[in-house]
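Read-outs throughout are calculated quantities, based only on the coordinates presented, and are distinct from any laboratory measurement. Keep in mind that what you see is a predicted model, and the values were worked out from it rather than measured. Quick reminder, even Gly has a Cβ in these numbers, built from the backbone with ideal geometry, and neighbours come from all protein chains shown.
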Amino acid sequence: MRELSLNVLDIAQNSIKAEASLIEIELVESTEKKELLIGIYDNGKGMNDEQVQAVTDPFFTTRTTRKVGLGIPFFKMSAEMTGGSFGIESVPGVGTKVRALYKTDHVDFTPLGDMCSTVVILITMNLGVDFIYKRSLDSKQFVVDTRQLKEILGDVPLNEPSIVSWLTDYIQENTKQLTEV
Amino acid sequence: MKTLEELMALRDAAKANLTTREDSSEVTRIVVGMATCGIAAGARPIMAKFVDEIAKRNLQNVTVAQTGCIGMCQYEPIAEVLVPGKEKVTYVQLTEEKVAKIIVDHVVNGKPVVEYTIGAITE
Ligand SMILES: Nc1ncnc2c1ncn2[C@@H]1O[C@H](COP(=O)(O)OP(=O)(O)OP(=O)(O)O)[C@@H](O)[C@H]1O
Ligand SMILES: [Mg+2]
């Protein structure tokens, strides 16, 4: 993938396929450690130990249109090639946590890219799923929680064009604030 | 800075127009393939472009949704356009320019863009 934010979009699709009702996406960046952690946590149907073992192998998939699953192997590789690490924890019936840790100063670090687009598409294309998007840079943090937004919106859907445009600006402005001193 | 107060105001404005939704037998559906193959080939900006064009033209009875792998990974990004009462049209190797033309010619004016379809590409 050309941007890590595309891997995030793809990994979150697994959570949606696993029928999660709540998906948390967390990005934790440390300037001092030169590290970025990306976590995608869901409350979907989960996997047993054997499945977790198998999914990092690019020949495991439960999909039927193609014999290989590529999403998790791609994500794992993107982290490991920076000298970082990758892990999946999953409990059947409880949910799955996927974490990738990056060394941001490594030459093979893929830029994060347009995280805002990833988050807005996930939120607006999956109105039945709630999302928490947490992003932090050193000691600064911001959080978007669709449960809070939906409470404000009532029966106005999050995919109303005026709301989508507000949400996009809201995420972009908050992201920008993280990097301002 | 965007605030939650502003969101409340937008909600109130949107509420006023909410009741005018067309019934579902009139709705044109666009589905974009968003499996790994689609995303790697550029499905995200394609999806965003569809959403944008629909909002910009204020097309009330058109929806965009995502789907998994359509089974032709080498032709991604792929989108299907389903107009009620018409046969499904599958567009392949999409670009933002192609999306703009599909919206105008097919979705608005009812004339599929044959040269962008799977049939035309595999011939
Ligand atoms: N969050 C999750 N919850 C439950 N099962 C999961 C989750 N993520 C992955 N899986 C399982 O792992 C398999 C492999 O995932 P992976 O993303 O690598 O490939 P895929 O989704 O099958 O295909 P694609 O190449 O389109 O991503 C999935 O088919 C699914 O069975
Ligand atoms: Mg996948």
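For this structure, a couple of remarks:
- When residues of the range A:1-52 are limited to those that are within 12 Å of ligand 1 (Cβ to nearest atom) and among the polar types (S, T, N, Q), the one nearest to the other protein chains (Cβ to nearest Cβ): A:Gln13
- The residues on offer are A:Ala79, A:Ala54, and the sole one that is among the hydrophobic types (A, V, I, L, M, F, W, C) and without any contact (Cβ under 8 Å) to a residue 12 or more places away in the chain is A:Ala54.
- Filtered residue count, the range A:26-51, keeping only those that are within 18 Å of A:Ser78 (Cα to Cα) and within 15 Å of ligand 2 (Cβ to nearest atom): 1
- Close pairs from the range A:166-180: first farther than 10 Å from A:Cys116 by Cα, partner among the acidic types (Asp, Glu) and surrounded by fewer than 16 Cβ atoms within 10 Å (Cβ to Cβ), Cβ under 8 Å, at least 6 apart: A:Trp166/B:Glu6
- Of B:Ile70, B:Ile39, B:Ile102, B:Ile78, all but one fail to be more than 10 Å from chain A (Cβ to nearest Cβ), within 16 Å of ligand 1 (Cβ to nearest atom) and crowded, with 17+ Cβ neighbours inside 10 Å; the exception is B:Ile78.
- Of the listed requirements (1) assigned to a helix (DSSP H, G or I); (2) within 23 Å of A:Ile123 (Cα to Cα); (3) within 7 Å of ligand 1 (Cβ to nearest atom), A:Pro73 misses just one: (2).
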